[in-house]
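A.B. asks: Let me give you the structure first, and then I'll get to my questions.
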Amino acid sequence: MREMFNHSGLATRRNALTRLGRLAVGLGGIAALPACTSVLTQENATSHAALRPSDVAPLDFDPDAGLAAINATRRKFFLQPFAADPRLQLAAQNHADLMARTGQFGHEFGPDTKFPVRMADVGFQGSAGENLGVGYGSIEDAIQGWLDSPKHREILLRRKYDLAGIAYAFNRSGKHPRRTHFWVLEVGQNPPPGMRLGPYVRRI
């Protein structure tokens, strides 16, 4: 889980790394694994990796429908819905596509994948969080996986966040065949008006 906050005039960085949630093993394969990240830009991730069936195929995913499903979940907890944010949507799709191209799974696996860098690349300067998932066969399954993991649940249901982008990509890399469907949820909040922006990053 990663979190980045912008504090007035300060640029402070702390790094602490937590493995991506827990790995649950069931009959015949691997079940679910969450990971997360957050900043005044990033937070959280979940993964479900199972043996790849020979007939697995890309999903027909509509981001608008995905966001509607996420907002329906938030409403159950009496939280405001997320508004679609094109910057967070672009960040989510960029990272999902990168994982699909490389077969890699995680918030950061190279200099260009640092969460603050990814947020800056799309022009987002507020507080934000990120949930990842892999292997879930639907947005509903991905949401449930995040709800079942305390850190991911915290990001999904963070009261202060009011913006989001949700993306999907299919692993076409030929690597790590058990990693099939990649999911990325970016959530965030714009900085207060007049706030001097200096990134502060916390990883949990």
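A.B. asks: Over the range 65-109, with every protein chain in place, what whole percent of the accessible area is carbon and sulfur at 1.4 Å, could you tell me?
C.D. replies: Details: 1250 of 2040 Å².
On the range 65-109, the fraction of accessible area on carbon and sulfur atoms equals 62 percent.
A.B. asks: For the range 116-157, with equal point scatterers placed on the C-alpha atoms only and solvent neglected, what are the log10 I(q)/I(0) values from the Debye formula at q = 0.14, 0.20, 0.32 1/Å, to two decimals?
C.D. replies: Those come out to -0.41, -0.70, -1.01, one per q.
A.B. asks: Using a Cα-Cα cut-off of under 24 Å, which lysines could be cross-linked to Lys175, ignoring same-chain neighbours fewer than 8 residues away?
C.D. replies: Of all the lysines, those that pass the test against Lys175 - Cα under 24 Å, at least 8 places apart if same chain - are Lys114.
A.B. asks: Please report, for the Cα atoms of the range 80-136, the Rg to one decimal and the Dmax as a whole number; what are they, in angstrom?
C.D. replies: Just the Cα atoms of the range 80-136 yield Rg and Dmax of 11.6, 35 Å.
A.B. asks: If packing is taken as the average number of other Cβ atoms within 10 Å across a peptide's residues, how do 176-187, 124-135 rank, most packed first?
C.D. replies: On the way: 176-187: 24.7, 124-135: 29.0.
In descending order of packing, they fall as 124-135, 176-187.
A.B. asks: Could you check the spin-label model distance between Leu59 and Glu140? Points 7 Å from the Cα along Cα→Cβ, value in nm.
C.D. replies: Between Leu59 and Glu140, the label points sit 1.1 nm apart.
A.B. asks: Starting from 0.36 nm per residue, how many nanometres of slack lie between Asp112 and Arg159 once their C-alpha separation is accounted for? List each step's numbers first, then the result.
C.D. replies: Values: separation 47, 0.36 × 47 = 16.92 nm, distance 2.94 nm.
Fully extending the segment from Asp112 to Arg159 adds 14.0 nm.
A.B. asks: Right, something else. How much FRET efficiency would the formula 1/(1 + (r/R0)^6) give for Ala84 and Arg172, where r is the Cβ-Cβ distance and R0 is 22 Å, rounded to 0.05? Intermediate results must be reported in sequence, preceding the final value.
C.D. replies: On the way: r = 26 Å, r/R0 = 1.18.
It comes to 0.25.
A.B. asks: Once both labels are modelled 7 Å past Cα along the beta-carbon direction, what's the Ala120-Asn190 spacing in nm?
C.D. replies: Label at Ala120, label at Asn190, 2.2 nm between them.
The values are calculated or read from the model by the stated rules, or taken from the named source; none is laboratory data. Everything quoted here is computed from the prediction, not taken from an experiment. Every residue, glycine among them, receives a Cβ derived from its backbone with ideal geometry; neighbour counts consider all protein chains shown. Only protein heavy atoms, including side chains, enter the accessible area calculation; ligands, DNA and RNA are left aside. Shrake-Rupley method; radii C 1.70, N 1.55, O 1.52, S 1.80 Å.
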